[in-house]
Amino acid sequence: MLHKAVDVALALVLILMFGDLRELYQEVILDHGKNPRNFGTLENYSHTAEGSNPMCGDQLTVYVKVDEDNKIEDVSFEAKGCAISIASASIMSEIVKGKTIDEVDSLFSYFHKLCTGEETQQTNHVEEDIEKLKVMSGVNQFPSRIKCATMSWHAVDSAIKSENA
């Protein structure tokens, strides 16, 4: 119940602060939060990691299948939490598929800077991926929500850098 109230309040603040663009971003976040892509346990995953955010109550497990060329063949997640954490995990799962581990690492660095309000440099990433990531950029106005947005990225980073199978 508290998550819904916080999510509604955040939506209203974003709309008031940033107008039409934030309204569009809010719609994307709500869509991914209500209808997450790649949700569930991935069969035959090669790597997994967990993430949690005690401040918000978010919990997440990511499952990643890395092929012999160090590309993300498939990814999924299971999570309980606020709309921002679920939406961010959903967006992350769409973006990292087909990327190399190095590309995912670079995207994670870019996304983290975006969420924390640090200056982001011109990047050689696919413009469509950057636009998807920008949807979450409003969290830099709410420091307590940054962990919600970045948790899945921390988890996928941990998973692909681990030796687990």
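The values are calculated or read from the model by the stated rules, or taken from the named source; none is laboratory data. Treat the numbers as computed from the prediction; the structure is a model and nothing was measured. All Cβ positions, even for glycine, are placed from backbone atoms using ideal geometry, and neighbour counts span all protein chains on display.
Residues that are more than 16 Å from Ile84 (Cβ to Cβ), among the charged types (D, E, K, R) and either at pLDDT below 95 or in a loop (DSSP other than H, G, I, E, B) (or both) within the stretch 24-58 comprise just one, Glu43.
Could you say whether any residue in the stretch 110-118 is of a type in the set (A, V, I, L, M) and modelled with pLDDT of 95 or more? No, the stretch 110-118 contains no residue that is of a type in the set (A, V, I, L, M) and modelled with pLDDT of 95 or more. Search the stretch 43-100 for residues being out of contact with any Phe, Trp or Tyr (no Cβ under 8 Å at 6 or more places or on another chain) and acidic (Asp, Glu), and hand back the single one that is surrounded by the most Cβ atoms within 10 Å (Cβ to Cβ). The extreme case among them is Asp58. In this structure, does Ala155 turn out to be among the hydrophobic types (A, V, I, L, M, F, W, C) and touching a Gly at 6+ places or on another chain (Cβ under 7 Å)? Against the criterion (among the hydrophobic types (A, V, I, L, M, F, W, C) and touching a Gly at 6+ places or on another chain (Cβ under 7 Å)), Ala155 qualifies.
Cβ-Cβ contacts under 7 Å between residues 6 or more apart (or on different chains), taken from a first residue in the stretch 62-74 that is touching a residue at least 12 places away in the same chain (Cβ under 8 Å) to a second residue that is among the small types (Gly, Ala, Ser) and assigned to a loop (DSSP other than H, G, I, E, B), are listed as Val64/Ser46; Lys65/Ser46; Val66/Ser46; Lys71/Gly98; Ile72/Gly98.
For the stretch 131-164, a residue qualifies if it is among the aliphatic types (A, V, I, L, M) and either assigned to a helix (DSSP H, G or I) or free of Cβ contacts under 8 Å to residues at least 40 places away in the same chain (or both), and the qualifying residues are Leu133, Val139, Ile146, Ala149, Met151, Ala155, Val156, Ala159, Ile160. Filtering the stretch 94-133 to residues that are under 18 Å from Asp69 (Cβ atoms) and of a type in the set (S, T, N, Q) leaves Thr100, Ser106.
Note on the stretch 50-73: among residues that are among the small types (Gly, Ala, Ser) and within 14 Å of the chain's Cα centre (by Cα), the one that is nearest to Ile95 (Cα to Cα) is Gly51.
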